[in-house]
Amino acid sequence: MENVSGLSLAQLLTQRLFIPAGMKTASLCANTNGLPLPIVGYEGNEKVGYFAATNRIEWGGDAGIAASLEDMIAYEIYLDKSLSDDKSLYTQTSQEQKFRDGTPAGYGHGLKRSKLARQLAIAHGGALRGFRHARMQFPSNRLSVVVMHNFETSPGVPAEFIVKKVLDVQEPEPEVISVPAAWKGHYFDEDTQLYIAVEEGDREKPGTISVIYGPGTGGETARLTSEKEAKTDGMKLTLDGDVLHVERTDDNRTLRAVRLQPVDKKDFGQSSTEGVVGVYRSEECDSVFTVTGERGSLYGSFDGYLGRGPIWTMRQIGKNQTWALANPRGLDATPPGDWTVVFKDEKDGVYSRVTVGCWLARKVEYVRQG
């Protein structure tokens, strides 16, 4: 766009969006390490305390707008007017999109279509370390909600509270089904080579489980609809013995995950892990994966064209050399979460290959070097 127009992205945004929408103080701030004062975002919580977050991303067109609440209110008014024009860009991009197979897609053209408090919303979130924002528009009600946090609490909860109060939405109390112990555990999907964890749900929401798949380190709260079924707005789970069937509508993905046999606590630290320690390389993404440690305590790090990453801890989640590499922090607000690490092709106790992946980057193959 800059090459064709002869204008910078900041100039284009000002001319084409900020001025027409009446966003008087909005600007492009591509360098997140230099946000306009007095903007400060905070990490932490009540237990460890709060501290100013440090960001070091410099956006290249994907994000970077800094705007006040007044700017966002003006933006929502501008979008509300745009929806009355069938030819407007917003009207066109906010229409429901589809995957290649014709399945409706909840996300497209930078906008998410979902339901909140049983109302259809056109929405998008924005976040960095220390910030959690969301804007959502309910076209049929001509209602917009903007939530801007300079701390790391999800904006979805206050947004839902506001919508229910403004529209007087009454939802019946859900049926509470006790969670059988059989749900809990680690499961492995052969197709994606990813693990899924099912843990205890929200204590304030009886009858729920926490499903950890990604992104991020927190799980998705699913409510049981029967002893063997659970669901969220974008996911349905069915437990059939040791097989967990997962339908993720947002991803248009179906998983068949088999329960991993847990490692006996007595075995931790007793068996050697020399066969997996070493240096592995992926030609596909020009990356080196280094595994260090001994006696069940492993650490993993990556080195590639973007530089050398930190060393993260690894924990074994299955007897068949299936591990989880923790990745609790990322450049962007939401980190990848755990990476699934599966060591393969064992000969004489040494593994020559490893598959690494997370929800967004699946089945990256590494081969032992040396």
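The values are calculated or read from the model by the stated rules, or taken from the named source; none is laboratory data. All values reported here derive from a predicted model rather than from experimental measurement. We place every Cβ from the backbone using ideal geometry, glycine too, and count neighbours over all the protein chains shown.
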- request: Give the residues of segment 198-210 that are without any contact (Cβ under 8 Å) to a residue 40 or more places away in the chain and either of a type in the set (Phe, Trp, Tyr) or in contact with a strand residue (DSSP E or B) (Cβ under 8 Å, 6 or more places away or on another chain) (or both), sorted by residue number.
  value: Glu199, Glu200, Gly201, Asp202, Lys205, Gly207, Thr208, Ile209, Ser210
query: For segment 26-44, how many residues are in a helix (DSSP H, G or I) and surrounded by fewer than 17 Cβ atoms within 10 Å (Cβ to Cβ)?
result: 2
query: Based on what the data block shows, is Met23 part of a loop (DSSP other than H, G, I, E, B) and at pLDDT 95 or above?
result: yes
query: Restricting attention to segment 340-361, which residues are closer than 30 Å to Gly44 by Cα and either modelled with pLDDT under 95 or in a loop (DSSP other than H, G, I, E, B) (or both)?
result: Cys358, Trp359, Leu360, Ala361
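Looking at Leu83, Leu89 in this structure, which one is surrounded by fewer than 18 Cβ atoms within 10 Å (Cβ to Cβ), farther than 30 Å from Thr32 by Cα and among the aliphatic types (A, V, I, L, M)?
On the way: Leu89 fails: farther than 30 Å from Thr32 by Cα.
Testing whether each residue is surrounded by fewer than 18 Cβ atoms within 10 Å (Cβ to Cβ), farther than 30 Å from Thr32 by Cα and among the aliphatic types (A, V, I, L, M) leaves just Leu83.
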- request: Among the candidates Asn327, Asn320, single out the residue that is under 18 Å from the mean Cα position of the chain (by Cα) and in a loop (DSSP other than H, G, I, E, B).
  value: Asn327
query: Has segment 49-64 got any residue that is closer than 30 Å to Ser140 by Cβ and touching a strand residue (DSSP E or B) at 6+ places or on another chain (Cβ under 9 Å)?
result: yes
- prompt: In segment 111-126, what residues are crowded, with 16+ Cβ neighbours inside 10 Å and not in a strand (DSSP E or B)?
  reply: Ala117
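Applying the selection to segment 211-227, what residues are part of a loop (DSSP other than H, G, I, E, B) and without any contact (Cβ under 8 Å) to a residue 40 or more places away in the chain? Working first, answer last.
Residues of segment 211-227 that are part of a loop (DSSP other than H, G, I, E, B), as a first pass: 213-219, 227.
Answer for segment 211-227, where residues must be part of a loop (DSSP other than H, G, I, E, B) and without any contact (Cβ under 8 Å) to a residue 40 or more places away in the chain: Gly218, Gly219.
This table checks each residue for (1) over 24 Å from the mean Cα position of the chain (by Cα); (2) acidic (Asp, Glu).
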residue: Gly156; (1), (2): no, no
residue: Glu160; (1), (2): no, yes
residue: Lys165; (1), (2): yes, no
residue: Ile177; (1), (2): yes, no
residue: Tyr187; (1), (2): no, no
residue: Ile196; (1), (2): no, no
residue: Ile209; (1), (2): no, no
residue: Gly214; (1), (2): no, no
residue: Arg223; (1), (2): no, no
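Listed residues Asn320, Asn327; which is among the polar types (S, T, N, Q) and in contact with a Cys (Cβ under 9 Å, 6 or more places away or on another chain)?
Working: Asn320 fails: in contact with a Cys (Cβ under 9 Å, 6 or more places away or on another chain).
Unique residue meeting the criteria: Asn327.
Considering Gly300, Gly337, which residue is modelled with pLDDT under 95 and of a type outside the set (D, E, K, R)? I'd like the intermediate steps shown before the answer.
Numbers: Gly300 fails: modelled with pLDDT under 95.
Gly337 is the lone residue from the list that is modelled with pLDDT under 95 and of a type outside the set (D, E, K, R).
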query: Restricting attention to segment 233-255, which residues are surrounded by 15 or more Cβ atoms within 10 Å (Cβ to Cβ) and either of a type in the set (A, V, I, L, M) or in the same structural domain as Gln97 (by TED's automatic domain parsing) (or both)?
result: Met235, Leu237, Leu239, Leu244, Val246, Leu255
query: Within segment 142-168, which residues are modelled with pLDDT under 95, in a loop (DSSP other than H, G, I, E, B) and either assigned by TED's automatic domain parsing to the domain that holds Thr238 or not hydroxyl-bearing (Ser, Thr, Tyr) (or both)?
result: Glu152
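Answer with yes or no whether Leu111 is of a type in the set (A, V, I, L, M) and more than 30 Å from Met235 (Cβ to Cβ).
Numbers: of a type in the set (A, V, I, L, M): yes; more than 30 Å from Met235 (Cβ to Cβ): no.
It is false that Leu111 is of a type in the set (A, V, I, L, M) and more than 30 Å from Met235 (Cβ to Cβ).
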query: Residue check: is Arg129 among the charged types (D, E, K, R), modelled with pLDDT under 95 and under 20 Å from Thr232 (Cβ atoms)?
result: no
- request: Among residues belonging to segment 29-51 that are aliphatic (A, V, I, L, M) and within 16 Å of Met148 (Cβ to Cβ), point out the one that is modelled with the highest pLDDT.
  value: Val40
- prompt: Given (1) surrounded by fewer than 20 Cβ atoms within 10 Å (Cβ to Cβ); (2) free of Cβ contacts under 8 Å to residues at least 60 places away in the same chain, where does Trp183 come up short, assuming only one miss?
  reply: (1)
